[in-house]
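Peer 1: Can you keep this structure in mind? I'll have questions shortly.
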Amino acid sequence: MALAKLSGIPISAGIAIGKAFFLNRSQFGPVPRQILADDQVEDEAQRLRDAFADAKAELKAIREDLVELRRLAESFLEELFEDAPVRAPLQRAK
């Protein structure tokens, strides 16, 4: 596994381990300005409203998945730390 140090604006402090997705913005280029005819404006506005609704639904699904993942992780950790072989070194250290 290759390690890399990245610079930029951090979202949160700390380190992260996992797969990274790099977006090469240069392949997209600038978005050309378009002039719409009066009869196209409402359709484009609706497309934008639909895109916002889709994004909101995706974020809601992600949030629900994260809540469930957190619940599972907490449950796993509780069981792990109640396991005698895991606790034994901690009790000897007292």
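The values are calculated or read from the model by the stated rules, or taken from the named source; none is laboratory data. Everything numeric in this text was worked out from a predicted model, so none of it was measured. Virtual Cβ from ideal backbone geometry, glycine too; neighbours counted across all protein chains shown.
Peer 1: Looking at Asp83, is it modelled with pLDDT of 90 or more and either in contact with a Phe, Trp or Tyr (Cβ under 6 Å, 6 or more places away or on another chain) or not β-branched (Val, Ile, Thr) (or both)? Write out each step before concluding.
Peer 2: Details: modelled with pLDDT of 90 or more: no; either in contact with a Phe, Trp or Tyr (Cβ under 6 Å, 6 or more places away or on another chain) or not β-branched (Val, Ile, Thr) (or both): yes.
In short, no.
Peer 1: List the pairs whose first member sits in the range 60-81 and is without any contact (Cβ under 8 Å) to a residue 40 or more places away in the chain, whose second member is surrounded by 10 or more Cβ atoms within 10 Å (Cβ to Cβ) and assigned to a helix (DSSP H, G or I), and whose Cβ atoms are under 7 Å apart, counting only residues at least 6 apart or on separate chains?
Peer 2: Sorted first by the residue in the range 60-81, then by its partner, the pairs are Leu80/Val86; Phe81/Arg87.
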